[in-house]
Structures are given as structure tokens and as C-alpha cells.
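Input: a single structure, listed below in C-alpha cells.
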């Protein structure tokens, strides 16, 4: 068994990372989207990083993995009494990471260093790595102009039609040594694109200069898992965004977003009839149960994905 790298974000992505973590432990590196990071009340929020940390450490609320279990809103209620903003229902426990992150960034510590420190203190042996230490912000293009994804999601409630995306800062962002080392590992077994929104979660990671080249350079199988099941996103906005962009909301469309990057694509059994169309685009397809309702589901899907990668690797060796 070698090392595994996962590109991830959102709850679905964090669940699959958890499954991979149960199988690989310290031999897993999770490269996490920071395009959805934002500043609020002078604090730096990294929602995808924190979701992964909560899930891997066992802190996550089972019903809402983006926050710790046992969350309360006492501080938020008091802030409103004093005239503070009321558009984000800040949780008391969920403020711990942003508070420390903001303070430590002000001391010129790198975001990667801070995140790895969180891992150590939470007992996480896998490497949770921001996609870059440089700021990248996903912006949504609408008929009324460009807005940050956070504004689109939290303030506008995802109502405006999406016309495109702009990844501000991506052209100047740099890969960190930790990300490069993970993808350049001589025993890299597979790269997994977790089930997450391809536009505002996975795409920002791929937009960091050098990321795509590293994925191709190593030659390890790159496997993506669909976030769309039966024409719907299990969580999040992927389905709506696809329709706004005049695409079909389907697993096939997600596969096309990763064309010429991935070697294999995992679709849900509910979409088995589309397997042939995906294969026609030049990638291998595996039909599996991709909905992760339990901890066992996470491990089972992770095991299935890694076995699929191994099959592709062995086929390559035979052809060579």
C-alpha cells in the first residue's frame, strides 16, 4: 500500500476523506479547497478545512458536519443584541479555529503550518493541507455582476443565475512544499477527486498553477467520484449551477468537467445507464453505491475507489 492524495471540500468530500483515513491513516494527504474562505468580523474562516478537521477528529455534528457537535449560539445572540450582523449564525465552538487562525496568521505563520498544528492537537495523523498559502477567492459571475461565493451562498441564498466563475488570485498562487511533496511521493498510489461541487470546490484547487501538471506528471491513477446522484446533488448547489450554465445536471456532466485529467470516474448505481456515455469520453467508469449515510459506507466507498485505482494501474502495466 502506498500514499493516497485526496482533493476535497464540502461535507461529501470530507466523508470520503474520512473513509480513506480509516484505511490509510498517516499515509493520506487531503488537499483542501480554500477558495471559499472569507473574512467576517475580522476573522479568517476556512469552512472546508474546518469541516475536514471536524470529521476526521470525530468532533463533527452528525447532522451538520460543518460544525462541531454540541454547538450553541450564545455569542451570536449577544452580538445581535449589541447591533452585530445577523446574516451568519456563528456557533460558539466553531469560532475556536477562526480565532486562532486569525491570530496566528497575524504572526506571519503559514496557513499550512497552522492547519497541520490543528491536526496534531486534534490527534489527526493524516496531513490536511490547504491548496495554497496564498489567498484564492472563488467569485460567482451573475447578471448583476461578480460576487464572492460566500455572498452568493449566505447573503443571496444562491438565487441569482450563475453565468460563470472567476478564481481571484489563482494565477498568482503557489503550491506549497507540503502539497508538492504529497503529489511527488514515489509511492503515490492514487489521487482521488472527492464528491464535491466541481466548480467552487475542486476547480479552485486545480487552478493553482502547477497543480494539473503535478497530477499528470506522477502517473498515478486519478479517480473522481460523482457528487451528482440521479440528477441531483446530495448537498450543495452543483445541480443548480449546472442548470444555470445550461448543462444537464448529471454525473456525465461532472465527468466532462474533469476530461483529460482523470483516468477513472465513479458513478452511483442510480446512474448506471449513463456509464456508456462516460466511457465514450475516454475514461474508465465504475458503478458503485456512492451515498455515504454511515461510517461503514465511507470506508466501503473508499475501499472501492482504491481498488478501482489499482485495477487501472495494473491494466496500464499490462499494456506497457
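The values are calculated or read from the model by the stated rules, or taken from the named source; none is laboratory data. Computed from a predicted model, the values in this text were never measured in an experiment. Virtual Cβ from ideal backbone geometry, glycine too; neighbours counted across all protein chains shown.
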Considering only the stretch 141-154, I want to know if a residue exists there that is touching a residue at least 40 places away in the same chain (Cβ under 8 Å), within 25 Å of residue 260 (Cβ to Cβ) and in contact with a strand residue (DSSP E or B) (Cβ under 6 Å, 6 or more places away or on another chain). no
Could you say whether any residue in the stretch 55-75 is in a helix (DSSP H, G or I), farther than 21 Å from residue 31 by Cα and either under 22 Å from the mean Cα position of the chain (by Cα) or modelled with pLDDT under 90 (or both)? yes
For the stretch 19-37, how many residues are over 16 Å from residue 115 (Cα atoms) and either free of Cβ contacts under 8 Å to residues at least 40 places away in the same chain or surrounded by fewer than 23 Cβ atoms within 10 Å (Cβ to Cβ) (or both)? 5
Single match in 309, 275, 224 (criterion: under 30 Å from residue 173 (Cβ atoms) and assigned to a helix (DSSP H, G or I)): 309
Based on this model, can you work out whether residue 193 counts as at pLDDT below 95 and in contact with a helix residue (DSSP H, G or I) (Cβ under 6 Å, 6 or more places away or on another chain)? no
So which of 154, 238, 168 ends up being within 20 Å of residue 32 (Cβ to Cβ) and buried (at least 20 other Cβ atoms within 10 Å of the Cβ)? 238
Cβ contacts < 6 Å: first residue within 18 Å of residue 55 (Cβ to Cβ), restricted to the stretch 291-310; second residue surrounded by fewer than 18 Cβ atoms within 10 Å (Cβ to Cβ), any location; separation 6+ or different chain. Result? 299/22; 302/23
Quick check on my filter: what residues within the stretch 189-217 are more than 24 Å from residue 234 (Cβ to Cβ) and either touching a strand residue (DSSP E or B) at 6+ places or on another chain (Cβ under 7 Å) or in a helix (DSSP H, G or I) (or both)? 189, 207, 211, 212, 213, 214, 215, 216, 217
Among the residues of the stretch 278-298, what is the count of those that are part of a loop (DSSP other than H, G, I, E, B) and over 20 Å from residue 194 (Cβ atoms)? 2
Which numbered condition residue 248 misses (of (1) in a helix (DSSP H, G or I); (2) more than 26 Å from residue 27 (Cα to Cα)): (1)
Report yes if residue 260 is part of a helix (DSSP H, G or I) and either buried (at least 21 other Cβ atoms within 10 Å of the Cβ) or modelled with pLDDT under 95 (or both), otherwise no. no
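The rows are residues; the columns are (1) under 23 Å from the mean Cα position of the chain (by Cα); (2) assigned to a strand (DSSP E or B); (3) in contact (Cβ under 8 Å) with a residue 24 or more places away in the chain; (4) surrounded by 15 or more Cβ atoms within 10 Å (Cβ to Cβ).
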{"residue": "39", "(1), (2), (3), (4)": "yes, yes, no, no"}
{"residue": "44", "(1), (2), (3), (4)": "yes, yes, yes, yes"}
{"residue": "52", "(1), (2), (3), (4)": "yes, no, yes, yes"}
{"residue": "77", "(1), (2), (3), (4)": "no, no, no, no"}
Being under 25 Å from residue 197 (Cβ atoms) and surrounded by 14 or more Cβ atoms within 10 Å (Cβ to Cβ) narrows it down to one residue among 69, 63; which is it? 69
